[in-house]
Amino acid sequence: MKNQAFSTSIVLVMISCLLLVKGLQTCNPSGNIRGRKAPQGQCNKENDSDCCSPGKLYPIYRCSPSVSGHTKATLTINSFAKGGDGGGPSECDNQYHPDNEPVVALSTGWYNGGSRCLKYVNVYGNGNSVKAKVVDECDSTMGCDYDHDYQPPCANNIVDASKAVWKALGVSENSNDWGYMDIYWSDA
């Protein structure tokens, strides 16, 4: 009888641990920020970037889905060049990067406080792959302000890439996929 109770207890502890681990892998919104209208000429719409809508609530995230050797993400396009829709210089090196350099920004959770700064990731999409350098954070916790070019916060699963990454993946600028595409990525 004691063995059966002990076995039942062990099974319940194991199930609890599995549920806890599953819960830790989930990334839910951490709150919302309210959109503000950008001052005239302050929201750069290059690459079809969105500008915040006044009063609209945008979810924020302090986490991203778990990273694996084949992490699913959404690839978006960004100009890291001076005057581009990326806003200021990149967080990792305080530099601007030309559109022909394969660089990316990762959502806040994947950026992980800069732990991936200036390291490389492999991006897989459209039947091709490219190695790109992490130079910035695609901020999932803030947005709709001057520092973020009056654009909404990034979703928690974004790899925001230069045109060079898109071209290396063989995506045509005329394609319906240009600017927003499902991909996989991994640390290089």
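Read phi for every residue in region 85-96 and hand back ³J(HN,Hα) as whole Hz from Karplus 6.51 cos²θ - 1.76 cosθ + 1.60, θ = phi - 60°, with x for Gly and Pro.
Once θ is set to phi - 60°, the couplings for region 85-96 become 6, x, x, x, x, 5, 4, 6, 9, 6, 10, 8 Hz.
Just going by the charge dipole of the chain, with Lys and Arg at +1 and Asp and Glu at -1 on Cβ, which of PRO98, CYS51, VAL159 is farthest out on the positive end?
The one lying farthest along the dipole's positive direction is VAL159.
Using alpha carbons only, how many degrees (0 to 90, rounded to 10) separate the axis of helix 2-24 from the longest principal axis of the chain?
Once rounded, one gets 0 degrees.
If amide H atoms are built 1.01 Å from N in the plane of the peptide, which residues on other chains or at least 5 residues away come under 5 Å of the amide H of VAL67?
none
Report the trypsin sites (Lys or Arg not before Pro) located in region 99-167 that are in a DSSP loop and have at most 13 other Cβ atoms inside 10 Å of their Cβ, or state none. Don't skip to the end; give the middle numbers.
Details: sites: ARG116, LYS119, LYS131, LYS133, LYS163, LYS167; in loops: ARG116, LYS119.
Of the trypsin sites (Lys or Arg not before Pro), the ones in loops of region 99-167 whose Cβ has at most 13 other Cβ atoms within 10 Å are LYS119.
What value, in deg cm²/dmol to 500, does the helix sum -39500 (n - 2.57) over DSSP H runs of n ≥ 4 give at 222 nm once divided by the residues of the chain? Could you put the intermediate results ahead of the total?
Working: 3 runs with 33 residues, N = 188.
Counting only the DSSP helices, I get -5500 deg cm²/dmol.
Taking H as built 1.01 Å from N, whose amide H comes closer than 5 Å to the amide H of GLU101, not counting residues under 5 places away?
When sequence neighbours closer than 5 places are left aside, the close amide H contacts are ALA164.
In the structure shown, do any of LYS72/LYS133; LYS45/LYS82; LYS45/LYS119; LYS56/LYS119; LYS82/LYS133 have a Cα-Cα gap over 26 Å, and if so which?
Working: LYS72/LYS133 18 Å; LYS45/LYS82 14 Å; LYS45/LYS119 28 Å; LYS56/LYS119 35 Å; LYS82/LYS133 18 Å.
Among LYS72/LYS133; LYS45/LYS82; LYS45/LYS119; LYS56/LYS119; LYS82/LYS133, the Cα-Cα distance tops 26 Å for LYS45/LYS119; LYS56/LYS119.
For ILE60, what accessible area in Å² do you get when you roll a 1.4 Å probe over the heavy atoms of the protein chains, rounding to the nearest 10?
Here the residue's solvent-accessible area equals roughly 10 Å².
State the percentage of accessible surface on region 77-151 attributable to carbon and sulfur atoms; use a 1.4 Å probe and exclude ligands, DNA and RNA.
Details: 1380 of 3250 Å².
Looking at region 77-151 in its full context, I get 42 percent from C and S.
What does the charge count around CYS144 come to, taking other residues whose C-beta lies under 13 Å from its C-beta (Lys +1, Arg +1, Asp -1, Glu -1)?
Working: positive: ARG34, ARG36, LYS37, LYS56; negative: ASP50, ASP139, ASP145, ASP147, ASP149.
Cβ neighbours under 13 Å give a net charge of -1.
Under the classification rounded if a/c is under 1.5, otherwise prolate if a/b is larger than b/c and oblate if not, where does region 27-71 fall, given a ≥ b ≥ c as square roots of the Cα gyration tensor eigenvalues?
oblate
When a/c reaches 1.5 or more, the comparison of a/b and b/c decides; with that in mind, is region 27-147 rounded, prolate or oblate per its Cα gyration tensor?
On the way: a/c = 1.80, a/b = 1.26, b/c = 1.43.
Here region 27-147 falls in the oblate category.
Can you give me the long-range amide H partners of ILE60? Hydrogens built in the peptide plane at 1.01 Å from N, cutoff under 5 Å, separation of 5 or more residues or another chain.
Distant-sequence amide H within range of ILE60: SER30, GLY31, ASN32, ILE33.
According to the square roots a ≥ b ≥ c of the eigenvalues of the Cα gyration tensor, what is the shape class of region 84-188, taking rounded for a/c under 1.5, prolate for a/b larger than b/c otherwise, and oblate for the remainder? Don't jump to the answer; show the numbers that get you there.
On the way: a/c = 1.55, a/b = 1.33, b/c = 1.17.
Note, shape of region 84-188 comes out prolate.
From the backbone phi of region 171-180, what are the Karplus-calculated ³J(HN,Hα) couplings (6.51 cos²θ - 1.76 cosθ + 1.60, θ = phi - 60°) in whole Hz, Gly and Pro given as x?
With coefficients 6.51, -1.76 and 1.60, one gets 8, 6, 4, 8, 6, 5, 7, 4, x, 7 Hz.
The values are calculated or read from the model by the stated rules, or taken from the named source; none is laboratory data. What you are looking at is a predicted structure, and each value in this text was computed from that prediction instead of being measured. Cβ sites come from the backbone with ideal geometry, for glycine too, and all protein chains shown count toward neighbours. Please note that ligands, DNA and RNA were not included when accessible areas were found on the heavy atoms of the full protein model with its side chains. Shrake-Rupley method; radii C 1.70, N 1.55, O 1.52, S 1.80 Å.
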